[in-house]
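The values are calculated or read from the model by the stated rules, or taken from the named source; none is laboratory data. Predicted model, so just to flag it, every value in this text is computed and none were measured. With ideal geometry, Cβ positions are generated from the backbone for all residues, glycine too; neighbour counts draw on all protein chains shown.
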Amino acid sequence: MDRRAFIVTVGGGLLAAPLAVAAQQTGKIYRIGYLASASATATQHLVDAFRQGLGELGWIEGQNVVIEYRFAEGRHERLPALAADLIHLKVDIIAAGPTPPASAAKNATKTIPIVMTAVGDPVEQGLVASLAHPGGNVTGVSFSSLEIFGKVLELLKESVPKVRRVAILSNPANPAQAFAARHVTAAAQSLRVQLRLLEARGPSAFDGAFAAMAEDQVQALLVLTDPMFLLHRARLAALAVQYRQPSMYAVKEGVEAGGLMSYGPSLVAAFRRAAVFVDKILKGARPADLPVEEPTKFELVINLKTAKALGLTIPPSMLARADQVIE
């Protein structure tokens, strides 16, 4: 399975002359702003994917592009100031993702092109008018479709059949979390799963959230996708094992850190695809004319080491369907 396959934007006619020719004619060095919620250390693999995507298209950092990196270190409240800093530097384009950085960039400028990455429902978040016709100065790659929430719970129940009560861990500082929680709730009703919504704005709230799970006797944990959770994924995974909670994620980074399972699109693939949008816009395309891409491939990742630590036996049929099994 090609885990990095996305719907290809139809826009070949928007491409200008090849980069090498354009660079020779103009000699311009473009300045790209890179705005992210987590830290550089926690998301280095995503930065590398973005840079590699640019390099494959002929954009070499330090030669014909300069990238100004800004990381909020998991603190969403810092994003508006970081976005303003990039605008002050007069960047030619801003790559921002996931939802909180993209929203901060959108609120900061209506003229500088913005390429969003891994944003959940960009229409509902007010980032674009529609996926096919974004309008304005924002386009890029969305993260998930609505059906993923039902699938995540379905896979969790199939792997741990006894599950009837599931805790959802969300970060209320992330505007996309309410959207995700709403659709998880809708999916849970059809699967006859009871949900307990717990919130954590920072790592200091983790212990209290897990204590509440134990008190409410929940049987599994669904961690919503959030940069702060990504930053502290190892601690979340360790707490889930400590409290004997099978944990489910929508990104495999949580499973690589010790979570039980994940099902969703690849963040690495999304950040590589973002480079394609940057390339097109720097060559003359307008964000308003570039349809937003949605992921078409989803990956199931299972951590058998964590399953053993929890005393769980993952059904062989589930292991056979997995794209990756961590042992």
- Query: Looking at segment 245-261, which of its residues are touching a Lys or Arg at 6+ places or on another chain (Cβ under 7 Å) and either in a helix (DSSP H, G or I) or in the same structural domain as Q44 (by TED's automatic domain parsing) (or both)?
  - Reply: E253, G254
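Out of everything in segment 250-282 that is acidic (D, E) and over 22 Å from V138 (Cβ atoms), what residue ends up being surrounded by the fewest Cβ atoms within 10 Å (Cβ to Cβ)? Lay out the reasoning, then the answer.
First, pick out the residues of segment 250-282 that are acidic (D, E): 253, 256, 279.
Next cut, over 22 Å from V138 (Cβ atoms) only: 253, 256.
Numbers: E253: 22, E256: 18.
In this case the residue turns out to be E256.
Conditions tested, residue by residue: (1) part of a helix (DSSP H, G or I); (2) modelled with pLDDT of 95 or more.
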site: A16; (1), (2): no, no
site: R31; (1), (2): no, yes
site: T41; (1), (2): no, no
site: V47; (1), (2): yes, yes
site: R51; (1), (2): yes, yes
site: L54; (1), (2): yes, yes
site: W59; (1), (2): no, yes
site: I67; (1), (2): no, yes
- Task: Output the number of residues of segment 283-327 satisfying the condition of being in contact with a strand residue (DSSP E or B) (Cβ under 7 Å, 6 or more places away or on another chain), under 30 Å from N64 (Cα atoms) and crowded, with 16+ Cβ neighbours inside 10 Å.
- Result: 5
- Item | Filter result for V65 (under 30 Å from Q189 (Cα atoms) and either crowded, with 17+ Cβ neighbours inside 10 Å or not assigned by TED's automatic domain parsing to the domain that holds A188 (or both)) | no
- Query: What tally of residues in segment 137-167 results from selecting those that are touching a helix residue (DSSP H, G or I) at 6+ places or on another chain (Cβ under 6 Å) and either closer than 21 Å to A105 by Cα or surrounded by 21 or more Cβ atoms within 10 Å (Cβ to Cβ) (or both)?
  - Reply: 9
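This table checks each residue for (1) out of contact with any Ser or Thr (no Cβ under 9 Å at 6 or more places or on another chain); (2) modelled with pLDDT of 90 or more; (3) under 28 Å from L319 (Cα atoms); (4) among the aromatic types (F, W, Y).
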| site | (1), (2), (3), (4) |
| --- | --- |
| D121 | no, no, no, no |
| G126 | no, yes, no, no |
| S130 | yes, yes, no, no |
| N137 | no, yes, no, no |
| S145 | yes, no, yes, no |
| K151 | yes, no, yes, no |
| L155 | yes, yes, yes, no |
| P161 | yes, no, yes, no |
| V166 | yes, yes, yes, no |
- Item | Answer residue from segment 221-239, given it is aliphatic (A, V, I, L, M) and not in a helix (DSSP H, G or I) and is nearest to the chain's Cα centre (by Cα) among those | L224
- Query: Given (1) touching a residue at least 24 places away in the same chain (Cβ under 8 Å); (2) under 30 Å from K106 (Cα atoms), where does A234 come up short, assuming only one miss?
  - Reply: (2)
- Task: For segment 210-220, indicate whether the set of residues that are in the same structural domain as I168 (by TED's automatic domain parsing), closer than 19 Å to G264 by Cβ and within 15 Å of the chain's Cα centre (by Cα) is non-empty.
- Result: no
- Elements of type helices (runs of 4 or more DSSP H) in segment 264-327, at least 2 residues being modelled with pLDDT of 95 or more and over 24 Å from Q219 (Cα atoms): 267-282
- Residues in segment 110-131: is at least one in contact with a Pro (Cβ under 6 Å, 6 or more places away or on another chain), in contact (Cβ under 8 Å) with a residue 12 or more places away in the chain, more than 30 Å from L191 (Cβ to Cβ) and of a type in the set (S, T, N, Q)? no
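A quick yes/no check of all residues on (1) more than 26 Å from I29 (Cα to Cα); (2) without any contact (Cβ under 8 Å) to a residue 12 or more places away in the chain; (3) assigned to a loop (DSSP other than H, G, I, E, B); (4) not small (G, A, S):
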position: L79; (1), (2), (3), (4): no, no, no, yes
position: I94; (1), (2), (3), (4): no, no, no, yes
position: A105; (1), (2), (3), (4): no, no, no, no
position: I148; (1), (2), (3), (4): yes, no, no, yes
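Looking at E154, E124 in this structure, which one is among the charged types (D, E, K, R) and not assigned by TED's automatic domain parsing to the domain that holds L236?
Details: E154 fails: not assigned by TED's automatic domain parsing to the domain that holds L236.
From the options E154, E124, the qualifying one is E124.
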